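Let me begin by presenting the structure, written as structure tokens, before commenting on it.
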Amino acid sequence: MKKIIVTGCNGQLGCAINRQYEGSTDVELVNTDVAQLDITDVDEVLKMVREVTPYAIINCAAHTNVNACETDVDNAYRINAIGPRNLAVAAAETGAKLVQVSTDYVFSGKADRPYLEFDRTDPQGVYGASKLAGENFVRDLGKNYFIIRTAWLYGEGKNFVRTMLRLSETMDTVRVVRDQIGSPTSADELARAIVYLLPTDNYGIFHGTCEGFCSWADFTEEIFRLAGKKTKVEAISTQEYEKDNPSSAPRPAYSVLENYMLKLTTDFRFADWHDAIAEYMKG
């Protein structure tokens, strides 16, 4: 029975990974959250990984609150950079494979075409910079690793979809940004890609998002349509949003990722974002 350590097991992706392996007869998940494993403590990480001797580690733990990262800089780097470094060191020592989940925020968001894995990174804030530092530690210190950048992720727990549905309960109109473009991505689709890649030796950096793209306003309209909500979407500019939310950290204007490495090296394809959100909304 192969053991896989899953960090951040209670988050959106951690839950989706658990669903993918449900009923598996050849994989045993060792689920950890911060109470069971503090990934920022190298000694604690080494102790657990040496004891478990896993086949793989899937790192779903991250400081993902983009606004909070700007003020909580130390914790952002501890969790998003030092954590992956510690896991990379432990994985390399024990021969475990490592999956490090990263983000579209490693790019500037100023492109006019989908980003490839080979494009230059240029993070614009602390969240993106700390996640890129984590990627670099994995590349420098890891051996058998998959770095998978995703974007606009939704799954179990708090996420954009549930926030919009909650707002629709009490509001006739919601104001949503129209000039930030990306690919809404189901945590289940991302988990499916991770489970596909893990048994292979197809290591490297991958982009992993649902196919197609839209604005946040377009996405909200589709959520409301599927949910049968009458709530109207007022599409606003980023400038208007920032005026209403002055403490908000800058978001990428264009964060469409091309799953180029997957297309070059595998037959795996993500679902279109319309199909993935329809599946998610079925519950």
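Of all residues assigned to segment 219-236, none qualifies as being within 21 Å of the chain's Cα centre (by Cα), in a loop (DSSP other than H, G, I, E, B) and among the basic types (Lys, Arg).
Just one of the listed residues (Glu93, Glu156, Glu169) is outside any strand (DSSP E or B) and touching a residue at least 60 places away in the same chain (Cβ under 8 Å), namely Glu156.
Filtered by the rule that a residue be aromatic (Phe, Trp, Tyr) and under 24 Å from Gly142 (Cα atoms), segment 188-214 gives Tyr196, Tyr203, Phe206. The residue of segment 1-39 that is surrounded by the fewest Cβ atoms within 10 Å (Cβ to Cβ), among those that are touching a residue at least 40 places away in the same chain (Cβ under 8 Å) and more than 19 Å from the chain's Cα centre (by Cα), is Lys2.
Aliphatic (A, V, I, L, M), surrounded by fewer than 24 Cβ atoms within 10 Å (Cβ to Cβ) and closer than 30 Å to Ser248 by Cβ: is that true of Ala76 in this structure?
For Ala76, the condition - aliphatic (A, V, I, L, M), surrounded by fewer than 24 Cβ atoms within 10 Å (Cβ to Cβ) and closer than 30 Å to Ser248 by Cβ - is not met.
Criterion applied to Phe118, Phe137 was being among the hydrophobic types (A, V, I, L, M, F, W, C) and in a helix (DSSP H, G or I), and the one residue passing it is Phe137. Here the condition is being over 14 Å from the mean Cα position of the chain (by Cα), more than 25 Å from Phe213 (Cα to Cα) and of a type outside the set (Asp, Glu); of Thr170, Thr121, it holds for Thr170 alone.
Could you look through segment 172-202, keep only residues that are of a type outside the set (A, V, I, L, M, F, W, C) and either part of a helix (DSSP H, G or I) or in contact with a Lys or Arg (Cβ under 8 Å, 6 or more places away or on another chain) (or both), and pick out the one that is surrounded by the fewest Cβ atoms within 10 Å (Cβ to Cβ)?
Asp172
Each reported figure results from applying straightforward, stated rules to the coordinates on display, with no laboratory input. Since we're looking at a predicted model, the values are computed, not measured. Quick reminder, even Gly has a Cβ in these numbers, built from the backbone with ideal geometry, and neighbours come from all protein chains shown.
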